[in-house]
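First comes the structure, then the notes that go with it.
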Amino acid sequence: MSVGLSLAGAAATLLLCSQPAAAAEINAGFVSLYGVLDTSLEITDSGSGWTPRLDSGAFRGSRVGLHGAEPIGGGTAIVFTLENGFSSVDGSLQVPGSIFNRQAWIGASGPWGEVRAGRQYSPIYIPFKGDLDAFGAGTIASGLNNLSKITPYASNAVAYLSPRVAGFSATLMLATRDPSEDDGNGIDGYYVTASYRLDELHLLYARQQTHGAGALRANLGGASYGFGKLRVWLSFFNGDGGSPVYHGAGGALSAQYSVSANARASLGYAHVRDYTTPGGNADQFSAAFEYDVSRTLQLYFSAAYLANHDDSSFTLRGVNVTGLPVAYPGAPVAGVQFGVLERF
């Protein structure tokens, strides 16, 4: 539905949640309201018995946001995104006291690429969420998500997203320190992502290095290839740092088969060497099924078994879901998940 709203009016619409999804024309540009509702029932045994719970954002984080663009000539437009995460289980903010915790940036976009400034997804998070395993790095089924560690969002950041040229594209981001962090050269971290696409072959690599408290170095990479209805992903990951401290390296192999135009089935395996404990490592075996009821409504089912070895304590989690802690170091974790995802 289109209405003649000013930007302030569109923001008020978002905050008050009093209108359905809308697009507002602003000086030949637009502002669109969008969102995701992701709710699932999870039943997990982390070593002390089966525990049921209702989750929000296991597959795709529940969110509501505004995206806008205003052409300024020459094929260039001023663009912005404001996005907030919330719980579809109880309606609470994902981050208390922060209304746009996921994204709050302004930039410019054109044939030359796009520049953004503000809080935004880190470049390493973008390929992580869709191009490195059959599970989109979401739900308890993604061993890639459960066994690795990255920084999903960056504040005070400036990023450049290149156009795709001869199959290649890249993203560069530099994050500056918050004014409260008076401890160095002002650089909070950098992120680099490069990808290549040729028909059904997709290759990518991403790296991050953050500084200050909880500094985290991480690398991700992988390839996928489509064989008709089947697509196969092979990926690797490693990282050192963060809070709590993570130090691991591993890989994942997964495949997805399109049963029909609306249904997909996936299988996967992931392994990590856990350097935080002598001899520690873990293996995960997973399965998932997705069914598109309509263009905006999706049902999903996930199942996983995670075998911790020695004193490793990895667990099953989701995109915005904290995993249940293991009952004891080395405990195996098993779980199933039934979810519904609505986009608007």
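Derivation of every value follows stated rules applied to the coordinates shown; laboratory data play no part. As the structure is a prediction and not an experimental result, all values here were calculated from the model. Please note: Cβ atoms are built from the backbone with ideal geometry, for glycine as well, and neighbour counts cover all protein chains shown.
Remarks
- For the chain, the fraction of C-alpha pairs more than 31 angstrom apart is 36%.
- Label-point gap, in nm, between Y275 and F289 - each point 7 angstrom along Cα→Cβ: 4.1
- Expected 222 nm ellipticity per residue - DSSP helices of 4 or more, -39500 (n - 2.57), all of the chain, to 500: -1500 deg cm²/dmol
- Over the chain, relative contact order from alpha-carbon pairs under 8 Å, at least 6 apart, %: 16
- Computed over segment 129-277, the P(r) tail beyond 20 angstrom holds 55 percent of alpha carbon pairs.
- Top of A69, A134, A58 by mean-square fluctuation, Gaussian network on the chain, Cα under 10 Å: A69
- Helix 7-16 vs. the chain, principal-axis angle (Cα, 0 to 90°, nearest 10): 40
- Within the chain, longest stretch clear of exposed GluC sites (Glu not before Pro) (DSSP loop, no more than 14 other Cβ within 10 Å): 1-180
- Segment 233-336: trypsin sites (Lys or Arg not before Pro) in DSSP loop, at most 16 other beta carbons within 10 Å: R295
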